[in-house]
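Bear in mind that the values in this text are calculations on the coordinates, not laboratory data. Here the structure is a predicted model, which is why all the values come from computation and not from measurement. Note that we place each Cβ from the backbone using ideal geometry, even for glycine, and neighbour counts take in every protein chain shown.
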Amino acid sequence: MRLSTYQRCASILLIAALAGCKSLPQSPPANRANPTATEPAAPDQTAGSSDKTDGDQTAAGSKDTPKPIAPALQPGQYCYQLSDDIEDIDVRISIDSASSVTGNQVGVVHNQKEAYYTSYRSNLNGTIDGSNLNLDIATWIEYDKQNQQETWKVSPTELRTKTNKLTKANCETVSKSFQSDNGMEAKDLTAGANQVNTQEVFFDAGKSSTTVSNSVVRGDRDRYLITAQGGQQMDLSITSIENNAVFAVVAPSGLILGTEQSKQSIPLPDTGEYQIIVDGTRGNATYDLAIAIQ
């Protein structure tokens, strides 16, 4: 049977349509039983999604936890100086392996036009974080004590305080500013001791003096701590059976006010805790130490 032109065209179109059609994927039975269940993603989609998530989390973690900054200075001692028409400053800092910082500062302010002159001393304690020195600063100036917290910037070549810029200096030169005339510092007075016996001193109510009786063993030191105000005067005398006991005095700022003394009257420059360090010049020493403050 011969097909009309219309019938042949319709058959061809029907065959072409059937050849181009594909079966749709059937939903899993579980999805049909539970219409709310989530259809699992195709394997290639899951892998791509996982890679992107891990990358995002890694990037976020890096952003939230920055890499630590290495200290600008390695453990050791560093010294800095400033000298101009108004101020002379010496700073000495020490950094240990745990990034702790200790140090001291001495300064002289001089203004000839204003006929003004004063000096001050500071003790420094804190930590180093990169180029930042985060410091607790105790400063003694004109009988007054001031406590401050400041952040200084430091590098091997310069130190920037809140108000000044200092440059690197030789520590042997700078250290002389913290030493007595005989080249000693406060730490040297007890550094060689076998043992340091420390005791606080208090006056009885209504009294401004006391006497401490004790004995110091050869090689040891007896250290007495007493609090006083800057501008007061401390009178000290020590007597011993064999005249073999002497004392040294250290101000709260670390300034040595006397060494190897048996009698001394001292104008007190600082407010705070003073050290009286007793030593035997030969053998053991039994002594009486008289202390008066007025």
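Gain on full extension, evaluated as 0.36 nm per residue between SER131 and THR102 minus their Cα-Cα distance, stands at 8.9 nm. Computed over neighbours whose Cβ is under 11 Å from that of ILE293, the net charge equals 0, Lys and Arg +1, Asp and Glu -1.
Between LYS187 and GLU150, residue separation times 0.36 nm minus the direct Cα-Cα distance comes to 10.8 nm. Working from Cα pairs under 8 Å separated by at least six residues, relative contact order for the range 76-178 is 24 percent.
Here the relative contact order of the range 188-293, from alpha carbon pairs under 8 Å that lie six or more residues apart, stands at 37 percent. Treating r as the C-beta distance of THR163 and ASP235 and R0 as 41 Å, the FRET efficiency rounds to 0.60. Among the listed pairs LYS176/LYS207; LYS187/LYS207; LYS113/LYS263; LYS207/LYS263; LYS113/LYS187, a Cα-Cα separation exceeding 29 Å is found for LYS176/LYS207; LYS187/LYS207; LYS113/LYS263; LYS113/LYS187. Translational diffusion coefficient of the range 76-178 (Stokes-Einstein, Kirkwood radius from Cα pairs, 20 °C, 1.002 mPa s): 153 µm²/s. Placing one identical point scatterer on every Cα of the range 188-293 and ignoring solvent, what is log10 I(q)/I(0) from the Debye formula at q = 0.14, 0.18, 0.24 Å⁻¹? At q = 0.14, 0.18, 0.24 Å⁻¹ the computed log10 ratios are -0.49, -0.82, -1.43.
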